[in-house]
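Visitor: Could you have a look at this structure, given as structure tokens, before my questions?
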Amino acid sequence: MAPEGRDGHGPAMPHTNPASDEQSAASSAPPVRQFFSVPAPIKRIFDKFPLTIYPPNDLPQRLPSVLDGNRLFVFTDVAGARRGRPSFNPQCLKWQAYLKFVGVDFQIVPSNNHASPTGALPYLLPALPAGTLTPIPSNKLQKWAIEQVHCEEEQQMSVRWDVYASLLDNRIRNAWLYNLYLDNDNFNAVARRLYIDPSTSNSIVRAALASQLQQAARDELLKYSTYIDVTDLEAEANNAFESLSTLLGNNLYFFNRTNPGLFDASVFAYTHLILDESMGWKHNKLARLLRKHENLVQHRERLLEKFF
């Protein structure tokens, strides 16, 4: 129930992956038949409610027979969708911005991972008769957009692109995860309000969701280090901002493009949300680090004013 997976620039759901030390358990383990037997009370529960693997989610049932335009399903609220405001989720905002940059017309629709046929947001339903609809997941949105508007395809496989993209996917993303999910004041003021409270009114479920989200963020950050050091995360983010600022230089857009492209959208997805005071941040060291680089701030303001 986490709002963001690895591609979603947020914590993935924690996976149950039990492990055991076979050698240390060998001498004390009960007989194999007993060790793997299911306790009778639990077996009776599973006999009544057997484990079921569900197929991918169906498309929303209330779609009209013919869509009057492309629809991008993102994390947002009803008011934000109505006004076309930026999504509060970095992955969703990245693709929302990119489609705007290349001139694809679309409406945004409030959604969540559980309503997605792909299991993640964003996804797009193209303007076709509903019977022939095929959802476009985020990893195919650029190809789809290029086919629609014949825009320039960016060279994402170059070494230079990969190096700078890693600044976003690792250093800035990791600092974002800590800032949103593991800073308790920010989590209670921002993440709860945006991701947890709208999903349910049940206090027990909300508490479970909160615990899962925070643990998922910890698990994700511990992939990069044996312990979580907020000072180190902020220093890495600061270095990333410096590198991005140097890359942008005096240009309007990254890689000296005449129009903003996918990399601009990727940067904007973080810089806008970090600087957006309406998010309700209680502590925002990332904003202070980012504001040291005036060209990145201006890049964000330029895109915000022109496209949103």
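Visitor: Quick one: dipole size for region 230-308, taken about the Cα centre, charges +1 on Lys/Arg Cβ and -1 on Asp/Glu Cβ, in debye to the nearest 20.
Guide: Here the size comes out at about 140 debye.
Visitor: Another question, then. Excluding A210 itself, what net charge comes from residues whose Cβ is under 14 Å from its Cβ, given Lys and Arg +1 and Asp and Glu -1?
Guide: Residues near A210 contribute +1 overall.
Visitor: Would you kindly derive the ³J(HN,Hα) couplings of region 106-122 from the backbone phi angles with the Karplus curve 6.51 cos²θ - 1.76 cosθ + 1.60 (θ = phi - 60°), listing them in order in whole Hz, with x for Gly and Pro?
Guide: Result, rounded to whole Hz: 6, 10, 9, 10, x, 7, 8, 4, 6, 8, 8, x, 8, x, 8, 10, x.
Visitor: I want the local charge near Y270. Using Cβ-Cβ distances under 10 Å, sum +1 for each Lys or Arg and -1 for each Asp or Glu among the other residues.
Guide: Once positives and negatives cancel, what remains is +3.
Visitor: What order do you get for V230, V78, V267 when you list them from fewest to most C-beta neighbours inside 10 Å?
Guide: Taking fewest neighbouring Cβ atoms as first place, the list is V78, V230, V267.
Visitor: Same structure, new question: Putting +1 on Lys and Arg Cβ atoms and -1 on Asp and Glu Cβ atoms, find which of L194, Y164, A216 reaches farthest to the positive end of the dipole of region 151-304.
Guide: The residue sitting most towards the positive pole is L194.
Visitor: Report, in debye and to the nearest 20, how large the dipole of region 71-149 comes out about its Cα centre when Lys and Arg carry +1 and Asp and Glu carry -1 on their Cβ.
Guide: The dipole magnitude comes to about 140 debye.
Visitor: What size of dipole, in debye to the nearest 20, comes out for region 170-308 about its Cα centre when the only charges are +1 on Lys and Arg C-beta atoms and -1 on Asp and Glu C-beta atoms? Provide the component values of the computation, followed by the final result.
Guide: Numbers: 16 positive and 16 negative charges, 39 e Å.
The calculation lands at about 180 debye.
Visitor: Please report the net charge: other residues with Cβ closer than 12 Å to the Cβ of T76, K and R +1, D and E -1.
Guide: +2
Visitor: Give me the one-decimal Kirkwood hydrodynamic radius in Å for region 159-307, with the sum taken over alpha-carbon pairs.
Guide: Final number for the Kirkwood radius of region 159-307 is 16.4 Å.
Visitor: So, one more: Once you have a ≥ b ≥ c as the square roots of the Cα gyration tensor eigenvalues for region 146-191, tell me rounded if a/c is under 1.5, and otherwise prolate or oblate according to whether a/b is larger than b/c.
Guide: Here region 146-191 falls in the oblate category.
Visitor: Something else about it: When a footprinting reagent is the concern and you count Cβ atoms within 10 Å, what order do T200, T76 take, fewest first?
Guide: T200, T76
Visitor: List the residues, sorted by chain then number, that are 5 or more residues from V74 or on another chain and whose placed amide H is less than 5 Å from its amide H.
Guide: V109, S111
Visitor: Output ³J(HN,Hα) for region 242-253: one whole-Hz value per residue in order, computed from phi by the Karplus curve 6.51 cos²θ - 1.76 cosθ + 1.60 with θ = phi - 60°, and x for Gly and Pro.
Guide: Going residue by residue, I get 4, 5, 5, 5, 5, 4, 5, x, 9, 6, 6, 9 Hz, with x marking Gly and Pro.
Visitor: Here is a further query. Per residue of region 256-271, in order, report the coupling 6.51 cos²θ - 1.76 cosθ + 1.60 (Karplus, θ = phi - 60°) as ³J(HN,Hα) in whole Hz, putting x for Gly and Pro.
Guide: 6, 6, 7, 10, x, x, 5, 5, 4, 5, 5, 5, 4, 4, 8, 4
Visitor: Would you please report the Å³ per residue occupied by the convex hull of the alpha carbon atoms in region 71-149?
Guide: Hull volume over Cα atoms, normalised by residue count, gives 90 Å³.
Visitor: May I ask which of K223/K306; K100/K223; K100/K140; K94/K282; K223/K285; K94/K306 have a Cα-Cα span longer than 27 Å here?
Guide: K223/K306; K100/K223
Values in this text are rule-based calculations from the coordinates and carry no lab data. Here the structure is a predicted model, which means the values were calculated and not measured. Cβ sites come from the backbone with ideal geometry, for glycine too, and all protein chains shown count toward neighbours.
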